[in-house]
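None of the figures in this text is laboratory data; all of them are computed from the coordinates on show. These numbers were taken from a predicted model, which means no experiment stands behind them. Positions of Cβ are generated from backbone atoms using ideal geometry, with glycine treated the same way; all protein chains shown enter the neighbour counts.
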Amino acid sequence: MSSDDSRSKAPVGELALQTIAMPKDTNANGDIFGGWLVSQMDLAAGIASKKISQGRSATVAIKDVTFISPVKVGAMVSCFTEVVKTGRTSIQIKVDVWASVINVKEERRMVADGMFVFVAIDDDGKPRKLPT
């Protein structure tokens, strides 16, 4: 999905979620666990999906997640989303994750990216058409 050349020097898209990486979310190396980071990305994509679907939606695929750089405890983690494509029921959302040390703007760096696919669903969990 991404190559070093295509990664931006500044976040692209809409800030959808921002949180602090905490000690309870670390792996055996003391860095933030990749699964925690993916869950934050999924939450951010879910927020973007809800805006487009104007109702319930569900994650149906996570594609091409790339972990670029470790996230340290205490980092401010910011997830930026960009709707890449919409179909009849589906939404593809690119998520870029940036981490920074609070109050140190120069240390902001992209730490992960990925593509999340959502489908709008009705109350019974069946796919429904996206609003126009």
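Computed values, structure above
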{"quantity": "Exposure proxy order (Cβ contacts within 10 Å, fewest to most) of Thr89, Thr81, Thr59", "calculated": "Thr59, Thr89, Thr81"}
{"quantity": "Table column - 3J(HN,Hα) (Hz), segment 47-54, Karplus curve with 6.51, -1.76, 1.60, x for Gly and Pro", "calculated": "5, 5, 4, 4, 5, 6, 7, 6"}
{"quantity": "Listed values (1) 2, 11, 21, 21, 17, 13, 8, 5, 2, 0; (2) 2, 10, 16, 15, 12, 9, 7, 7, 6, 5, 4, 3, 2, 1, 1, 0, 0; (3) 2, 11, 21, 25, 22, 12, 4, 2, 1, 0, 0, entry calculated as P(r) over Cα pairs in 5 Å bins from 0, in percent", "calculated": "(1)"}
{"quantity": "Where Cα atoms sit under 28 Å apart: lysine pairs in segment 15-132 separated by 8 or more or lying on different chains", "calculated": "27"}
{"quantity": "Extension gain from Gln18 to Thr132, taking 0.36 nm per residue of separation minus the Cα-Cα distance", "calculated": "38.1 nm"}
{"quantity": "Dipole moment magnitude, nearest 20 debye, the chain about Cα centre, only Lys, Arg, Asp, Glu C-beta charged", "calculated": "360"}
{"quantity": "Among Ala61, Ala44, Ala99: highest mean-square fluctuation, GNM of the chain, C-alpha pairs under 10 Å", "calculated": "Ala61"}
{"quantity": "Cut-off under 5 Å, modelled amide H: who pairs with Val60 long-range", "calculated": "Val117, Phe118, Val119"}
{"quantity": "For Leu130, distant residues with modelled amide H under 5 Å away", "calculated": "Thr89"}
{"quantity": "Computed [θ] at 222 nm, helices only, for the chain once each DSSP H run of length n ≥ 4 contributes -39500 (n - 2.57)", "calculated": "-5000 deg cm²/dmol"}
